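Please read the structure below before turning to the comments.
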Amino acid sequence: MSNTNTANEFDAIVVGSGTSGASVARDLSRQGKKVLILEKGNNAPLKDTFMGIASVAKEIAIANSDGKIPMMGAVTTGGSSALYFAVADIPPVDKFQAIGIDLTDVVEEVKNEVPLAELPDEMIGNQAWVLKRSADELGIHWRKKLMMIDQSKVNGKYAYEARWKARSFVEDAVAAGATLENNASAERVLVENNKAIGVEYKVKSGLFGSTTKKAYATKVIVSAGTLETPMLLHRSGLKGIVGSPFFCDPNFALFGLSPEAHSENLFTGAMNSETEYLNVGDANLSRLLYKMVMLTNFKLKHFFNYEQSLTVGVMIRDGLAGQLSADGKYQKEFTDSEKKMLKEGEEKGRKLLEKAGAKHIFRTNLSASHIGGVVRFGEHLDANLETPFENLHVCDGSILPENVRNAPSLTLICLGKYLAKQIAPSL
Ligand SMILES: Cc1cc2nc3c(=O)[nH]c(=O)nc-3n(C[C@H](O)[C@H](O)[C@H](O)COP(=O)(O)OP(=O)(O)OC[C@H]3O[C@@H](n4cnc5c(N)ncnc54)[C@H](O)[C@@H]3O)c2cc1C
């Protein structure tokens, strides 16, 4: 099917232009393959403003007997990378090796294609140093994280434009010949005789209208993100997705006010302390995000005192449990040992803030960092990220296995590149 001139026939259709989809689409396009990227969101310029964030943010909630647990993502070209903090972890190559996926070479290639470094001391805000001092005094090992930040674009301590975003990879793909169709929501993958042959999708027209379209391809890659991919696969006839247990890395933040903070607009997450099951870190937010969080939590004293703000984030590694139901709803309860981990994290976080002289400390409700474990290797996917439906591949956060619990973005870029290498020879 290579280089067909038919308008709706492609070598590959990539559903979703987030971190993973952008990576696979870019590499296939650069190898001369004819690629269609379907993206539900629009391509309006990204803006680090209240309206800019609100216009792309999407939230789903995990039902839990203690209250709903929200999980955020973004619907726009480049997906959730429009909102992420750009904290990076090197993919655990050994864990992927164990399931037949060799990421060794792609990790090295990706390191040269995205900005990746710890922030130099002078780019880390004062409030982050105050927390580091607390951690040192409490004997907590506090270390810098890798960040995907183009330091040449930072004049000061923070610049939204400096964070690597998947949109830049989509732009590379389009420059190499890919077609990007925005406002295009995939309804289902077209499957014939157990083989994927294309995608049916709806394109928004006007305020309320839409047109249903079909496009065909040798390969279909679903990269619609954890908020959407499982249900898209279910709607397309893949068995065993509904009922799947999942992990969600529940997290919360502790906010306090300290006269020592002298807070400055900064990148979030530059330092932390991690154990096997608990991540306690610097969650000091940029001024805009901080104000948005204080408004939604009705904390006026905090709202007006950004300069005194100190914030610690706490995240635990929960196990696979709960389920995704046929109507697309996630439900999960935490075990006693997971509740104990959350309590341990809260105590550690409060100590860090108190040591830094913080008062007026409050804790946010739980949110989910990312949902994973839903689409499973061995059951739904092989080492080519191919489903039991031939030519239907999945590449996004929904396929991350339970033992891969790092900051996912760099791993997802690598998986996208890996998948492009696996399938390009057959196109
Ligand atoms: C506030 C926040 C902070 C974060 N911080 C970090 C961090 O510091 N480090 C880190 O590694 N990770 C972080 N993450 C997580 C990270 O952003 C995501 O894990 C990652 O971007 C997921 O990539 P993805 O390809 O799986 O999906 P996404 O990036 O979500 O992309 C999915 C894309 O598919 C599109 N789509 C959905 N449904 C359809 C459909 N039916 N048809 C067509 N298109 C569709 C969506 O619009 C979207 O563009 C953060 C996330 C958030 C929200």
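In the set (1) touching a His at 6+ places or on another chain (Cβ under 6 Å); (2) assigned to a loop (DSSP other than H, G, I, E, B), the condition left unmet by Glu333 is number (1).
Looking only at the stretch 347-405, residues that are under 30 Å from Ser309 (Cβ atoms) and outside any loop (DSSP other than H, G, I, E, B) come to 17 in all. With respect to Ser168, determine if the residue is within 23 Å of the chain's Cα centre (by Cα) and either farther than 25 Å from Arg376 by Cβ or not assigned by TED's automatic domain parsing to the domain that holds Asn284 (or both). Yes.
Among the residues of the stretch 375-427, those that are of a type in the set (Ser, Thr, Tyr) and surrounded by 18 or more Cβ atoms within 10 Å (Cβ to Cβ) comprise Thr387, Ser398, Ser409, Thr411, Tyr418. The set of residues from the stretch 216-229 being small (Gly, Ala, Ser) and more than 12 Å from the ligand (Cβ to nearest atom) comprises just one member, Ala217. Among the residues of the stretch 350-368, write down those that are within 13 Å of the ligand (Cβ to nearest atom) and either at pLDDT below 95 or surrounded by 21 or more Cβ atoms within 10 Å (Cβ to Cβ) (or both). The one that is within 13 Å of the ligand (Cβ to nearest atom) and either at pLDDT below 95 or surrounded by 21 or more Cβ atoms within 10 Å (Cβ to Cβ) (or both): Ala368. Of all the criteria given as (1) more than 24 Å from Leu119 (Cα to Cα); (2) part of a strand (DSSP E or B); (3) modelled with pLDDT of 95 or more; (4) not polar (S, T, N, Q), the one not satisfied by Leu232 is (2).
Of all residue pairs spaced 6 or more apart or on separate chains, those with beta-carbon atoms under 6 Å, a first member in the stretch 205-219 that is at pLDDT 90 or above and a second member that is outside any strand (DSSP E or B) are Ala215/Asn8; Thr218/Met1; Thr218/Leu427; Lys219/Asn391; Lys219/Ile423. A single entry from Glu187, Glu192 fulfils the requirement of being in contact (Cβ under 8 Å) with a residue 12 or more places away in the chain, more than 30 Å from Leu119 (Cβ to Cβ) and charged (D, E, K, R): Glu187.
Listed by first and then second residue, the pairs linking a residue in the stretch 413-427 that is under 11 Å from Lys33 (Cα atoms) to a residue that is surrounded by fewer than 23 Cβ atoms within 10 Å (Cβ to Cβ) and of a type outside the set (Gly, Ala, Ser), with Cβ atoms under 8 Å apart and 6 or more places separating them unless they lie on different chains, are Ala420/Gln31; Ile423/Asn384; Ala424/Gln31; Ser426/Thr218; Leu427/Met1; Leu427/Thr218. The residue of the stretch 384-410 that is farthest from Pro91 (Cα to Cα), among those that are near the ligand (Cβ under 8 Å from one of its atoms) and among the polar types (S, T, N, Q), is Ser398.
The values are calculated or read from the model by the stated rules, or taken from the named source; none is laboratory data. Keep in mind the model is a prediction, meaning the values are calculated, not measured. In this analysis, Cβ positions are derived from the backbone assuming ideal geometry, glycine residues included, and neighbour counts consider all displayed protein chains.
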